[in-house]
């Protein structure tokens, strides 16, 4: 066994960093927020309340098995310190944050609970409560929202396993707080979602994550041709790999990208890499003990 493989086996394990840059500035590098020793960050969503911009993420504790939802303010174009805002007894990720009717809502991934759960902010961005359980007994992850009258068309990925699954279409009625499954005609991708829908130059797009070889290897970008309850047609316009991205730091250590989101001010990504943990043995032992004592 070579020394690099030995170091990886003894001291390295996968982690995620997140990055941010102004929209429409491809000449500008993404400024990277590296994980701390205590947690890494993934699935970033960016939004603003008119005064400040915020980045919401899945925060995964190093000594833990369940993700939490955290938020950080954007300060001088950089992502600040993260604060946990939703912590449940099941895994949370993909914190899709949006406004409707003057209120802030979040539709995170809550697959481990077997539910699709809608949260509402009592005090944005730091205080959240469960608003409605929209659906039960499902294995849906990574919900992407497309705005329509009275709510959103929602694309969610139904997971068969970590690599295989397919996309399902719903209407999220924000007045009634209900989900209705739709079966539109047309052709759309069944690749797992890598972000919510976003608008650019009058057209709608969204990112999907390639999971053929491994989880979240790189991103596909699709443009929406038409999307309604009767018809959904989209087509691929490009792919993005880590080596295609301008970063504020050395790109060689980053291996994968699996999330892209943006608002009118910033765009955000996440990046997978092998992080050094001198206490990897103890992290592994702790996780195994937790698994067997739950």
Q | Spherically averaged projected area in nm², based on the convex hull that wraps the Cα atoms of the chain | A | 16.0 nm²
(Q) For the pair residue 291/residue 76, report the inter-label distance in nm, with labels modelled 7 Å from Cα in the Cβ direction. (A) 4.3 nm
Q.
Between residue 189 and residue 149, what's the calculated FRET efficiency when r is the beta-carbon distance and R0 is 25 Å? Round to 0.05.
A. 0.55
Q. Relative to the longest principal axis of the chain, what angle (0 to 90°, nearest 10) does the C-alpha long axis of helix 280-293 take?
A. 50 degrees
Q.
For a quick size check, give me the Cα extents of the stretch 85-165 along its three principal axes, largest first, whole Å.
A. 37, 32, 19
Q | Fewest-first ranking of 232, 282, 273, using other Cβ atoms within 10 Å as the exposure measure | A | 282, 273, 232
**Q.** Pair residue 24, residue 230: separation of 7 Å Cα→Cβ label points (nm)
**A.** 3.4 nm
Q: Taking only the C-alpha atoms, wrap a convex hull around the stretch 248-294 and report its volume per residue in Å³ as a whole number.
A: 139 Å³
Q. What base-10 log of the normalised intensity I(q)/I(0) is obtained for the stretch 92-232 from the Debye formula, alpha carbons as equal point scatterers, at q = 0.18 Å⁻¹?
A. -1.09
Q. In cubic angstrom, how much convex hull volume per residue do the alpha carbon atoms of the stretch 118-179 span?
A. 109 Å³
Q: Treat each spin label as a single point 7 Å out from the Cα along the C-beta direction, and report the residue 213 to residue 133 distance in nm.
A: 4.2 nm
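Per the helix-only calculation at 222 nm, which mean residue ellipticity applies to the chain, given -39500 (n - 2.57) for every DSSP H run of n ≥ 4 and division by its residues, nearest 500 deg cm²/dmol?
Here the helix-only value at 222 nm equals -2500 deg cm²/dmol.
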**Q.** the stretch 3-293, relative contact order [Cα under 8 Å, separation at least 6], %
**A.** 19 percent
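Every read-out reported here was derived from the displayed coordinates using simple, explicitly stated rules and does not represent laboratory data. Nothing here was measured: the structure is a model prediction, and the numbers come from that model. Here the Cβ is made from the backbone with ideal geometry for all residues, glycine too, and neighbour counts use every protein chain on show.
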